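Participant: Can you read through this structure? Questions will come right after.
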Amino acid sequence: MLRKASFLIISATIWLTSCSNDPVNDLSDLDSQVFITNRDKSANFKSFKTFSVSDSVTVVQDSRSGTALTSLDKDLLSRIITNMQNLGYTYVAVNKNPDVGLTAARITNTYLNVASNPYSSYWGGYYGGFYGYPGYYTYETSESYWAISMLDLKNADSTAQRLNVIWDAQIRGGGLANPDYIDQMVDSAFGQSTYLSLK
């Protein structure tokens, strides 16, 4: 009787949890996107007038890196230029000593995860006969995101040969490789950083 009651309780629990709604699964790609921005609070953005943008996108995948300039990358860089101009900055070539420089990166990290199997003691211990059933399993997940950084070229530390990042943004979520979303994604990252405006 106890075994039958335990089986019914476990079955009911599995059935009830499998039928529950997961609001994250109902999000569209655009709804799932998250924009994280950060700034150097000591930076006086009003002191910067000109900017330049890197001619390619840095591609980082786990421990490897390189550069690329796909049509998607071109769209992203172009939209960065548009946003900076809309904020009141003047676009200049790299050799014209811009006050700030902007870079973009497409980053993908792959993780190996380990999870325990909550039913391993049930199958292997209580009823017996299934010894050796693993108590854990591994699975791989991958996360990609865009990163945009603004570097202070006007106040470069020539002694330490270092540039300060005075603003950066990360764009995470679904649909990051969809060219139809590029404008909205970049606009959203800059849009929540009103302190960048020179107007």
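The values are calculated or read from the model by the stated rules, or taken from the named source; none is laboratory data. These numbers were taken from a predicted model, which means no experiment stands behind them. Here the Cβ positions follow ideal geometry from the backbone for every residue, glycine too, while neighbour counts run over all protein chains shown.
Participant: Being under 14 Å from Ile148 (Cβ atoms), assigned to a helix (DSSP H, G or I), in contact (Cβ under 8 Å) with a residue 60 or more places away in the chain and in contact with a strand residue (DSSP E or B) (Cβ under 7 Å, 6 or more places away or on another chain) is the requirement here; does Ile36 meet it?
Facilitator: no
Participant: Taking the residues in the stretch 51-66 that are within 18 Å of the chain's Cα centre (by Cα) and of a type in the set (S, T, N, Q) as candidates, determine which candidate is nearest to Asp183 (Cα to Cα).
Facilitator: Per the stated criteria, the residue is Thr58.
Participant: So which residues in the stretch 37-69 are out of contact with any Pro (no Cβ under 6 Å at 6 or more places or on another chain) and β-branched (Val, Ile, Thr)? Can you show your working first?
Facilitator: Pass one, the stretch 37-69, residues out of contact with any Pro (no Cβ under 6 Å at 6 or more places or on another chain): 37-49, 53-69.
Of everything in the stretch 37-69, those that are out of contact with any Pro (no Cβ under 6 Å at 6 or more places or on another chain) and β-branched (Val, Ile, Thr) turn out to be Thr37, Val53, Val57, Thr58, Val59, Val60, Thr67.
Participant: Of the residues in the stretch 172-198, how many are under 9 Å from Phe35 (Cβ atoms) and part of a helix (DSSP H, G or I)?
Facilitator: 4
Participant: Another question, if that's okay. Using beta carbons and a limit of 6 Å, which pairs, at least six apart or on different chains, have the first residue in the stretch 86-104 and within 17 Å of Trp167 (Cα to Cα) and of a type in the set (D, E, K, R) and the second one at pLDDT 95 or above and in a loop (DSSP other than H, G, I, E, B)?
Facilitator: These pairs meet every condition: Asp99/Phe48; Asp99/Lys49.
Participant: Check Thr90, Thr103 and return the single one that is at pLDDT 90 or above and either touching an Asp or Glu at 6+ places or on another chain (Cβ under 7 Å) or within 24 Å of Arg64 (Cβ to Cβ) (or both).
Facilitator: Values: Thr90 fails: either touching an Asp or Glu at 6+ places or on another chain (Cβ under 7 Å) or within 24 Å of Arg64 (Cβ to Cβ) (or both).
Within the list Thr90, Thr103, the selection yields Thr103.
Participant: In addition: Could you say whether any residue in the stretch 67-80 is part of a strand (DSSP E or B) and either within 19 Å of the chain's Cα centre (by Cα) or touching a residue at least 24 places away in the same chain (Cβ under 8 Å) (or both)?
Facilitator: Scanning the stretch 67-80, I find at least one residue that is part of a strand (DSSP E or B) and either within 19 Å of the chain's Cα centre (by Cα) or touching a residue at least 24 places away in the same chain (Cβ under 8 Å) (or both), so the answer is yes.
Participant: Separate question: Give me a count of the residues in the stretch 152-178 that are crowded, with 20+ Cβ neighbours inside 10 Å, closer than 20 Å to Pro98 by Cβ and of a type in the set (A, V, I, L, M).
Facilitator: Counting residues in the stretch 152-178 that are crowded, with 20+ Cβ neighbours inside 10 Å, closer than 20 Å to Pro98 by Cβ and of a type in the set (A, V, I, L, M) gives 2.
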